[in-house]
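The values are calculated or read from the model by the stated rules, or taken from the named source; none is laboratory data. All figures in this text were calculated on a predicted structure; none of them were measured in a lab. Heads up, the Cβs are rebuilt from the backbone with ideal geometry, glycines too, and the neighbour counts pull from every protein chain shown.
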Amino acid sequence: MCNLYAVTKGQQAIRELTRAMTDSTGNLPPMPGIFPDYPAPVVRNHEGGRQLTLARWGMPSPAFALKGRNSDPGVTNVRNVASPHWRRWLGVESRCVVPFTSFSENEQLADGTRPPIWFALDESRPLACFAGIWTRWTSVRKVREGETTNDLFAFLTTGPNALVGAYHPKAMPVILTTAEEIELWLTAPASEALVLQRPLADDALVVVARGQKQDGQAT
């Protein structure tokens, strides 16, 4: 699963790609290493037009995953959209896109270590988006925080293309590379939008970095 990604392009570039009308993120710095349960930018449908805002990475876990636990750190990657747990958030009001410039999987080395390996659309790390879902939810994310209410998000995954599959054979994020795909994900009925839940072409990504927990080389 992808549990680490980066977005190092500025918020103006994000607004232009996603056609966001409003921006509640303030002064958004480059984020070369975004980890689960941390706030990150998303673009969602909003009353005042499409909105760029911050949400916490990790959707509410299914009930079976919470048995015997007193906190829910959330689910970062969603694959089975036919599950009733996820299906409730497939309407346009709960869809979002998650801007990124590169994402990481773990590379299995011969010595047993699993360092990060980073993928992007090319070496310049152009801006793209994951297809995501979001919700406002009250729960205990961390015991020391107690019960809190947060805007939460996760992004969809699918089978990997050949490049990602060589390192992570189970899945890759659902990636949207054009304004048209972003528009489809944010506005179309679920039956049409879910056509986007497919791997990128095998030559659509390149490896841009290895062995580091941040990828901030391009801005």
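Points to keep in mind about this one:
- Residues in segment 21-52 that are crowded, with 16+ Cβ neighbours inside 10 Å, among the hydrophobic types (A, V, I, L, M, F, W, C) and not in a strand (DSSP E or B): 1 in all.
- Residue within segment 151-161 that is in contact with a Lys or Arg (Cβ under 7 Å, 6 or more places away or on another chain), surrounded by fewer than 19 Cβ atoms within 10 Å (Cβ to Cβ) and closer than 18 Å to ARG50 by Cα present: yes
- Among the residues listed as ALA6, ALA13, ALA55, the single one being surrounded by 13 or more Cβ atoms within 10 Å (Cβ to Cβ) and in a helix (DSSP H, G or I): ALA13
- Tabulated pairs, segment 1-24, first modelled with pLDDT of 95 or more, second among the polar types (S, T, N, Q) and in a helix (DSSP H, G or I), C-beta under 7 angstrom, 6+ apart or interchain: ASP23/GLN11
- For segment 177-194, the criterion of being within 19 Å of the chain's Cα centre (by Cα), surrounded by 14 or more Cβ atoms within 10 Å (Cβ to Cβ) and closer than 19 Å to SER104 by Cβ is met by at least one residue.
- Some residue of segment 179-195 being touching a strand residue (DSSP E or B) at 6+ places or on another chain (Cβ under 9 Å) and in a loop (DSSP other than H, G, I, E, B): no
- Criterion (assigned to a strand (DSSP E or B), within 27 Å of ALA190 (Cβ to Cβ), hydrophobic (A, V, I, L, M, F, W, C) and in contact with a Ser or Thr (Cβ under 7 Å, 6 or more places away or on another chain)) met by exactly one of TRP118, TRP134, TRP89: TRP134
- Residues of segment 67-86 that turn out to be part of a loop (DSSP other than H, G, I, E, B) and without any contact (Cβ under 8 Å) to a residue 40 or more places away in the chain, as a count: 6
- The set of residues in segment 51-80 that are under 30 Å from ALA20 (Cα atoms) and in contact with a helix residue (DSSP H, G or I) (Cβ under 7 Å, 6 or more places away or on another chain) comprises LEU52, VAL78, ASN80.
- Leading residue by the ranking (farthest from LEU176 (Cα to Cα)) among those in segment 8-32 that are touching a helix residue (DSSP H, G or I) at 6+ places or on another chain (Cβ under 8 Å) and among the aliphatic types (A, V, I, L, M): LEU28
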